[in-house]
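Written out below as structure tokens is the structure these notes cover.
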Amino acid sequence: MSDSKLLDGAQWAPLWESPMRAVGGTHHALEVYSPPTPGDVYRGMARLVANATVAMNVTAPQASMDYFFEHHSATCVYFVHQGGGTLETTFGPIEYRKGDFLIVPKGITHRFAIAPGPQYYWMYESVAGDPEKGEAPTTGRFLTHSQSDYRYPRTLDTRNEAGRFEIVSKVEGVYIRRVHATHPFDAVGWRGDYLPYKLAVEDVRPLTADRSHVPPSGHTVFKLPGCYLCVFTVRRAEREGMWVPFFHKNLDYLETLGYHHGDFFSAGGVVQQGMVTVHPVGLPHGPKPGSLKPFLDGKRPEQFDEVGIMADFTNPAKISEFALGLSRPGYMGSWGGYVSEPRFSWSPTRLDEVRALGEQLADARDTLRPPGEEGAGG
């Protein structure tokens, strides 16, 4: 190493350390980020939300990196919403494309060489540990995906080169640049399993149920300390159960949802691909009126043609000033139809109607059941 210098983070990556504020009692729909100046993956990184252990960021690089990077405080989990390229690492390259998760463990030397065309990534920055595969004892090791779906570097790309090679490292909010006289990718072998890897969203096998709505936790792909990463992907709609989300208010988590592909059925046409919604603790929400109408009319789709990346952050979580600048005005009004439309307005007979329907359905039996006497219980 021939040189080392402390960088001014406010100049080097000004939006990555955007000041954080309490989320407050309002929902947010964040518009697609358009960088003010062309940059690479890290110099254009911008923070959206964070708690004590995990932060969600966004970047829209327009240039490949002419330096190497090491994050000494966090493991980075990328989701490639748009674009592709090559993640170059000490352990070899990983080709990536739209719809891939990229996991870059803490401290690994790497850089992004992007392909031509638009690029847009969400990055989840975990300072308290590496991602664990989400699975439950009742579903086994192969739902919602298998570790055999992970793709690691296949070959080393050993470089025996002399010159001037810059490495920027990040420790919390401090950025340090150091210069090496030889190429950092000089490994001739490695042993162990501390490696970068990728997971394609098309390899996620969703948990589905014909007779019951699967809650978000059933779609967990990765568990981070203080955060769950879930994938809602193309899947068959519930045939006999409720196929729209429940109305709810989060008690323990701030809920974010990145819209990657398709027309997300619960959003009712309010959001577009690339946007992120932020739903804080304690504030009720659920399907938009445009989504509930087909449910009430019995117009069940055969499948949901959508992909969304949900990240639930444990309390207390905050939102950045940068994210507030992306927040679409009037997003709270997207539920306004429940007040303004006659179909959903208050009725003095509504409670009696619901009770009557409940009594009518109280003894209903599943159409899928073991043979037995008609009317028999059990």
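Quick notes on this structure:
- Cross-link partners of residue 98 among lysines (Cα-Cα below 16 Å; sequence separation of 8 or more within a chain): 198
- By average C-beta atoms within 10 angstrom, highest first, the peptides 143-150, 303-310: 303-310, 143-150
- Counting lysine pairs in the stretch 216-332 that sit 8 or more residues apart in sequence, or on different chains, and whose Cα atoms lie under 22 Å apart gives 6.
- Sequence-distant contacts, meaning Cα pairs under 8 Å at least 6 residues apart, place the relative contact order of the chain at 20 percent.
- Using only side-chain charges placed at the Cβ, +1 for Lys and Arg and -1 for Asp and Glu, the dipole size of the chain relative to its Cα centre rounds to 360 debye.
- Size descriptors for the stretch 97-187 (Cα atoms only): Rg and Dmax, in that order, 17.3, 55 Å.
- The alpha-carbon of residue 5 sits under 16 angstrom from the alpha-carbons of these lysines, leaving out residues fewer than 8 places away in its chain: 170.
- Stokes-Einstein D for the stretch 216-332, Kirkwood Rh over Cα pairs, 37 °C, 0.692 mPa s (µm²/s): 216
- Based on the reciprocal of the average 1/r between different C-alpha atoms, the Kirkwood radius for the stretch 1-125 equals 15.4 Å.
- Sorting 153-159, 50-56, 6-12, 175-181 by average packing, meaning the other beta carbons within 10 Å per residue, from highest down gives 50-56, 175-181, 153-159, 6-12.
- Annotation: extensible slack from residue 34 through residue 210 equals 59.3 nm (criterion: 0.36 nm per residue apart, minus Cα-Cα distance).
- Extension gain, residue 303-residue 362: 0.36 nm per intervening residue step, less the Cα-Cα distance, totals 18.4 nm.
- Helix 350-361 and the longest principal axis of the Cα set of the chain meet at an angle near 90°.
- Charge dipole magnitude, Cβ of K and R +1, D and E -1 - the stretch 3-203, Cα centre, debye nearest 20: 100
- Each peptide in 277-283, 346-352 receives the mean, over its residues, of other Cβ atoms within 10 Å, and ordering these scores from highest gives 277-283, 346-352.
- In the chain, a dipole from Cβ-located charges (positive for Lys and Arg, negative for Asp and Glu) runs towards its positive end, and of 314, 348, 244 it is 314 whose Cα lies farthest in that direction.
- For the stretch 2-111: relative contact order, % (alpha-carbon pairs under 8 angstrom, 6 or more apart): 20
- Cα→Cβ-extended label distance, 7 Å offset, between residue 345 and residue 315, nm: 3.6
- Averaging the sequence gap over all C-alpha pairs within less than 8 Å and six or more residues apart, then dividing by the number of residues, gives the stretch 216-332 a relative contact order of 36 percent.
- Placing unit charges on the Cβ atoms of the charged side chains and taking the dipole of the chain about its Cα centre, the candidate lying farthest along the positive direction among 63, 333, 370 is 63.
- Calculated translational diffusion coefficient of the chain (4 °C, 1.567 mPa s; Stokes-Einstein with Kirkwood radius over alpha-carbon pairs) equals 57 µm²/s.
- Amide N of the stretch 45-78 lying under 16 Å from the label point, which is placed 7 angstrom from the Cα of residue 115 along Cα→Cβ: 61-64
Read-outs: derived from the displayed coordinates by stated rules, not from any lab. Source: prediction; values computed, not measured. FYI the Cβ positions are ideal-geometry reconstructions off the backbone, even for glycines, and counts take in every protein chain you see.
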